[in-house]
Amino acid sequence: MAPKPVTVSQLNSYIGRVLQTDPLLGSVSVKGEISNLKYHSSGHVYFSMKDERSSLRCFLSAYNLEHVRFELEEGMEITAAGNISVYEQGGYYSLYVKDIDVTGRGDLAAAFEKLKSRLAAEGLFDTKHKKEIPFFPRRIMVITAATGAAVKDILKIITSKNDCVDITVWPVAVQGAKAAGEISAAIRGTNEKYPDTDIIITGRGGGSIEDLWAFNEEAVARAIYDSGIPVISAVGHEIDVTIADFVADARAETPTAAADMAVPDTALLREDLDELRAGMLDRLIRTAETKEEKLQALSLDVFARNICTMIDYHAALISNIRDSSRSRLLNLIAGYENSITAAKSHLDDMDPRSIMKRGYSAVTGKNGRLIGSTAEIHADDELGLTMSDGSADVIVTSVRRDRR
Amino acid sequence: MTEKKLSFEESMKELEKAAAAMDRDDITLEEALKSYEKGIRYYKQCAETLENAKQKIETLKK
C-alpha cells in the first residue's frame, strides 16, 4: 500500500533535515570549474561548479565573500569548502560556500589581473594619491613576519645606514588565510595607535605566488590606500609584482631595497652638514678679505697718490697748452713785424724827399698846395719851390703850355 | 620672532640656501654675515637632531 501522501513543503523540509544531519555533507570540499557566475545587488554571489558530467549550484553570502582571497571568474578552477543545504521553496540543494581556493596557476594570474583592473579603474593606483616618502623619518613601522630573512635584512640595512630612526616591528603572518587580515589590521593599527610613524614598510621575502598571495588581496590593497602614513611595499624578489606594489606609495623590489630607500645615510648627512658649515665659514672669511682689500684701495694714502698723479697730469697739460700758445703768439708777432718792415720800405720809396734827392723839386702855391699843372699858374704868380735841402720863393715870368 | 620648528629636511634646505646665498660675488659683508648666522642656526638644528636621536628598535607583541 502506498504511503500516506505528504505536501511538497513537508517533503522538501524533510530532505533538508536529512541532508543537514549527514556528517559528510555538513562539511565538504568540492573541486570544479566556475560557471554562471552572478553577483547579486544584495552582495551575495550565485554560481555553479561543474566538471565534465555534472553541475552543482553554489551560494556565497556577502559575509563569506569578504573572506575569499581571490577574485572569482568564469571558468576558474577552484576548490570550494562549505556545506550542502536545501532551498526548500525551490526544491533544490546548493553548496553554501564558506571559503574558496584557486587551484589552477593560470587562474591565480587571472584573479590577479581582475583585481588589478578593478582597483585601477577605481583609481587606487593613481599617482595623485601617492604620498612622498619623507627624507628624514624619525620612526618606521615594519609590518612583516617576526622571524625570517625580510625583517633581518630590513633591520640590518636601516641600522647600518642610519643611527637616528626608531624602528618598530609589527609581527604578522605573511602567508596563509589569515595573513591579509593581519597585514591590513597592522597597517590600520599603525595609523590609529602610532600616528607619529613616518613610513610603513610592509612585505616579506621571496616565495611562490601562493606564498605571496596575501599581498594580492583586496584587504591589504585597501589598507595601504587608506593609510595616511606613506607605505613602501617590499614583497619577494625583483621579479615579483603584487597588487600591494601598485597601490603602495613606493615599491621596493626587495625588503633590502625598501630599507635602503626609507632612510638617509646619517654618516653622510653629518659629512654634508660639516662641509656646508666649513664652506660657509670659508666664504665668509673670503668675503671679508675681499672687502678689506677694497677698503685698503680706498685709504687716504692711495687717495693722495691718486690726486697728485692727477695734478701732475693736468699741470703738464696746462704747460703744453701754454707753450704752444706762446709759440703761436710769437709767430703771429713775427709775421706782423715782417709786414710792418715791408710797409715801411714801401713808404720810404714813396717819400718825396727821396725823389727830390734825385734832383726834382716840388712847386707850391701861396697856400702851400702842390701845383702839378701849368693850368694853375700864370705870369707874375708868386710860387714856392721845395727841394731836398731847402726852399725858395719864385716869381713866374712866363708860362708855356705844351700842346697836347 | 618665533620660528616654527622645521623638519630636518626643511632645515637642511634652508642651510643649503644660506650657503648658496653666500656664493654670490656681489654680496655685502653684512649680508654674508647674516647668511652665515642664519646658516649656522639651521646647521645647529640639523646637528642637534642627528646627535640627540637615540635609535630604538622594538618588536610589538603579537
Q.
So, B:L50, is that one within 7 Å of chain A (Cβ to nearest Cβ), closer than 30 Å to A:I143 by Cβ and not in a loop (DSSP other than H, G, I, E, B) or not?
A. yes
Q: Just give me the residues in the range A:236-249 being out of contact with any Asp or Glu (no Cβ under 9 Å at 6 or more places or on another chain) and surrounded by fewer than 21 Cβ atoms within 10 Å (Cβ to Cβ), in sequence order.
A: A:V241, A:F246
Q. In the range A:265-309, how many are within 30 Å of B:M12 (Cβ to Cβ) and more than 14 Å from chain B (Cβ to nearest Cβ)?
A. 0
Q | The listed residue being on the phi < 0 side of the Ramachandran plot and within 13 Å of chain B (Cβ to nearest Cβ), out of A:T144, A:T103, A:T202 | A | A:T144
Q. Somewhere in the range A:277-289, is a residue of a type outside the set (D, E, K, R), crowded, with 19+ Cβ neighbours inside 10 Å, assigned to a helix (DSSP H, G or I) and touching a Pro at 6+ places or on another chain (Cβ under 9 Å)?
A. no
Q) Somewhere in the range B:8-21, is a residue within 30 Å of A:G189 (Cα to Cα), loosely packed, with under 15 Cβ neighbours inside 10 Å and at the interface with another protein chain (Cβ under 7 Å from one of its Cβ atoms)? A) yes
Q | Residue list for the range A:162-177, filter: over 15 Å from A:T202 (Cβ atoms) and more than 11 Å from chain B (Cβ to nearest Cβ) | A | A:G176, A:A177
Q.
Can you tell me how many residues within the range B:22-43 are at the interface with another protein chain (Cβ under 8 Å from one of its Cβ atoms) and not β-branched (V, I, T)?
A. 9
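For every residue, the table says whether it meets (1) within 37 Å of the chain's Cα centre (by Cα); (2) more than 17 Å from A:A223 (Cβ to Cβ).
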residue: A:F135; (1), (2): yes, yes
residue: A:T144; (1), (2): yes, no
residue: A:P171; (1), (2): no, no
residue: A:K178; (1), (2): no, no
residue: A:K193; (1), (2): yes, no
residue: A:I200; (1), (2): yes, no
Q: Give the number of residues within the range A:362-404 that are surrounded by fewer than 10 Cβ atoms within 10 Å (Cβ to Cβ) and closer than 18 Å to A:P352 by Cβ.
A: 6
Q. Which pairs have Cβ atoms under 7 Å, sit 6 or more apart or on different chains, and link a residue in the range B:34-62 that is farther than 26 Å from A:Y194 by Cα to one that is not in a helix (DSSP H, G or I)?
A. B:S35/B:M22; B:Y36/B:M22
Q | Number of positions in the range A:92-146 that are closer than 30 Å to A:K161 by Cβ, touching a residue at least 40 places away in the same chain (Cβ under 8 Å) and either part of a strand (DSSP E or B) or not aromatic (F, W, Y) (or both) | A | 15
Q. What residue, among those in the range B:25-62 that are under 20 Å from the mean Cα position of the chain (by Cα) and among the basic types (K, R), is nearest to A:K294 (Cα to Cα)?
A. B:K34
(Q) Pairs please, first residue from the range A:54-68 and hydrophobic (A, V, I, L, M, F, W, C), second anywhere and surrounded by fewer than 14 Cβ atoms within 10 Å (Cβ to Cβ), Cβ atoms under 6 Å, 6+ apart in sequence or on different chains. (A) A:A62/A:G43
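Throughout, read-outs are computed from the coordinates displayed, never taken from laboratory work. The structure presented is a predicted model; accordingly, all values stated were derived computationally and were not measured. Positions of Cβ are generated from backbone atoms using ideal geometry, with glycine treated the same way; all protein chains shown enter the neighbour counts.
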